[in-house]
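Heads up, the thing below is written out as structure tokens.
No lab work stands behind these numbers, since they all come straight from the coordinates. Owing to the predicted nature of the structure, the values given are computational and were not obtained by experimental measurement. Every residue, glycine as well, gets a Cβ built from its backbone with ideal geometry; the counts of neighbours run over all protein chains shown.
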Amino acid sequence: MKAMFVHEHKFVRDENGCYFSSGQFPYRLWRRYLEVFDELLVVGRLRSLRAGESVQMLDRSSGPGVSFLEVPSLGGIQAMIFRRREAANKIRAAMADCDAVIIRTSAVGQLAAGIAESLQKPWAVEVVGCAFDSLWNYGSWQGKIYAPIAAYMNRRMIGRAPFAIYVTQKFLQKRYPCPGYSVGCSDVQLAKRDEAVLAKRLDRIERTVSPLRIGLIGSLVHSHKGVDIALRALAIAKQRLPAFEFQVLGAGDPARWRHLAQECEIGSQTIFCGTLANGEAVNCWLDEIDLYIQPSRVEGLPRALIEAMSRACPALGSNAGGIPELLDPSCIHKSSDVQGLADLLTTALPDKEWRTRQAIRNYQAAAAFDSEALGNIRRMFWRKFLAYCQRGDAAADTRCTGTASIEH
């Protein structure tokens, strides 16, 4: 059987026709769908390489059993008006040859859901973030106007979905409920657990490391990940902190953030590391971080934070999205609360005992995201969806009759 996967992700295509992704969609991720379906057609957008970027810095997304369909962006009112028909025609023509549709929440995904229903194709939705939070914190007045509209449209789409898989256990389920069959399962992909990781972390904490390294992983393209909040909080707290270095790992132009770091008088202590390939390279970077922070304005369930926890990093985070599902309540500050983060930093960073407790706690908590356990949940979900597809239920009813929730 052939499935269509629909999302707004921007892929890079090289001169040989191979597609690449900046971290989110390496080929290994498609294997979770290819375990169930014979072929996968990925619908997404196309972008050019950024200045200083090469395909060697990206993850290869192309591979056996996977093909790609490029559609125009539907971001913004003009695009929705002038490009919607082109996108709809491309998706409809390709979907006619597919047996199932997998949608990640996005404007293109909403379009595809409607087309799937009109063609009586079985479909499932992956709920990976909150449309309202994302647009409200986008940084423009247009985003704030569109935020409640997008949230309503997502809620309406997910409310019609026969199947839904959420990256959170509670947060997104509460905001965007699905009456069909649903599970909560993070999309993180962790390396196999190794107790040596915790031992190495505890040894690093015990040693006198200077400067202490504070780390954050997130895109620099927008302000969703709270890079500005981190910089301003460090500026407030710096006189009460031991010698530190702030490292940011993520794609995008760091120019405006460098300027802000200079304004905050921590420019010499701030390093923008660019991007690293997922897996070992990121793990090595995290192993050299003494405190991980996730001061996000917008989140689903942050994979980067889970990865940091799996490397036994002590961590602080905002109350955005599913972050409170991951960290100890004492490690949470309100979203956009610069002073709140500054206060947590001054308490946490100098305290070896606190960092030791949180390292152990986070490493143990990350066990809930064991790749094998999550893989079993996903396989059960997608096999149930496959059975639904094979029965031809979508032609008779757009919603699955059973409702379920699985928690790891």
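Summary of values
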item	result
Furthest towards positive pole of dipole, Ile306, Cys264, Asn362, structure part the stretch 195-367, Cβ charges	Cys264
Descending principal axes extents, the stretch 90-159, alpha-carbon based, whole Å	40, 22, 16
Net length gained if the chain between Ser54 and Arg155 were fully extended (0.36 nm per residue, minus Cα distance)	32.6 nm
Among (i) 91, 46, 33; (ii) 59, 46, 32; (iii) 64, 42, 41, the entry derived from the coordinates for Cα extents along the principal axes in Å	(iii)
Zero-based 5 Å bins, Cα pair distances in the stretch 250-336, whole percents	3, 13, 20, 20, 23, 17, 4
Ranked Leu241, Leu135, criterion: other C-beta atoms within 10 Å, fewest first	Leu241, Leu135
Helical mean residue ellipticity (222 nm; -39500 (n - 2.57) per DSSP H run of 4+; nearest 500) of the chain	-12000 deg cm²/dmol
Order of Ile266, Ile360 - criterion: other Cβ atoms within 10 Å of each residue's Cβ, fewest first	Ile360, Ile266
Angle in degrees between helix 352-365 and the longest Cα principal axis of the chain, rounded to the nearest 10	20
Most to least packed among 44-55, 143-154, 90-101 [average Cβ atoms within 10 Å]	90-101, 143-154, 44-55
Antiparallel bridge percentage (DSSP; both residues within the stretch 195-367; nearest 5)	0
Candidate lysines - alpha carbon under 25 Å from Lys352, same-chain residues fewer than 8 apart omitted	Lys200, Lys238, Lys334
The stretch 195-367: Cα Rg divided by the 2.2 N^0.38 Å rule of thumb	0.93
Relative contact order computed over the chain (Cα-Cα under 8 Å; 6+ residues apart), in percent	17
